[in-house]
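The values are calculated or read from the model by the stated rules, or taken from the named source; none is laboratory data. Note that this is a predicted model, so its numbers are computed, not measured. Using ideal geometry, Cβ is built from the backbone for each residue, glycine included, and neighbour counts are taken over all protein chains shown. With ligands, DNA and RNA removed, areas are computed over all heavy atoms of the protein, side chains included. Shrake-Rupley method; radii C 1.70, N 1.55, O 1.52, S 1.80 Å.
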Amino acid sequence: MGDSAQNPFTEMVIRRLSCGYGSDFRLEIAELAVPLSVPIVLKGSNGSGKTTLLKALAKLDGPERYDYEITGSNGFYYVEQATEASVFLRLRVDECIMAMAEGRVSFLGFTRTSAEAFIDFLRALPSQVRGEVEKFRHRFVEELSGGQRSLLGIAAAAIAGANCILLLDEPAAHLDFENRRLVASFISGLVAGGRAVWTVSHDEHFTALLDNHHTLMIENGTVRNVFARKEVS
């Protein structure tokens, strides 16, 4: 198997999106074009609508949605802030990844109990990030640092959500600098390998580590344009 499944599109366009929670809060997008070849960082104050937008795109329970149109996407895969890796503390990393990605095992040709399965998983990742996961494949999840657990959850999502745009909600929350660097490097590697990734983050130090990222500003339910990194103060 080659590198991780790539998104075949270079740009996604959202039209006529309205989502929110009844009359209390609505987020409106008339039309928005977003590049997919760079990391997209969603920024805004608490309650501005960042997570609401991610959950609406992923069609998760919560925000109400009206009919809208999206072109340039094969779907979305949402990874919440508290990575699902935490529920597998007593498993080894390779066992954990197989458990989290089992919804795709038939498609990927994996056998959960075989050592070859994890090798297949590594081959499905972008070459830039294989080595980092390989370093701790035989360790138990409870032994991993916060950054390694976050990386593990993102890695499993990259397989479970093959061909989808990954939506990461605060992947570097509560991490020290070294672990933020680790997660940022992993996300940059996924994008370099052809995956489209959106991430919510309040952490300027973390987002500065994402290669060539663009910023999507959300303020009180209003989406400002996509800015290249140098254009955002």
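Projecting label points 7 angstrom from Cα along Cα→Cβ for His202 and Ser37 puts them 3.4 nm apart.
Computed 3J(HN,Hα) for region 150-156, one whole-Hz value per residue from the Karplus formula 6.51 cos²θ - 1.76 cosθ + 1.60 where θ = phi - 60°, is 4, 4, 4, x, 5, 4, 5, glycine and proline marked x. In a fully extended conformation the segment linking Ile70 and Arg15 would gain 19.2 nm over its present Cα-Cα distance, using 0.36 nm per residue. At a 1.4 Å probe, what is the % contribution of carbon and sulfur to the accessible area of region 141-233? Within region 141-233, the accessible surface is 45 percent carbon and sulfur. Computed from the C-beta positions of Lys59 and Glu178 and an R0 of 30 Å, the FRET efficiency is 0.25 to the nearest 0.05.
Gain on full extension, evaluated as 0.36 nm per residue between Glu28 and Glu142 minus their Cα-Cα distance, stands at 36.9 nm.
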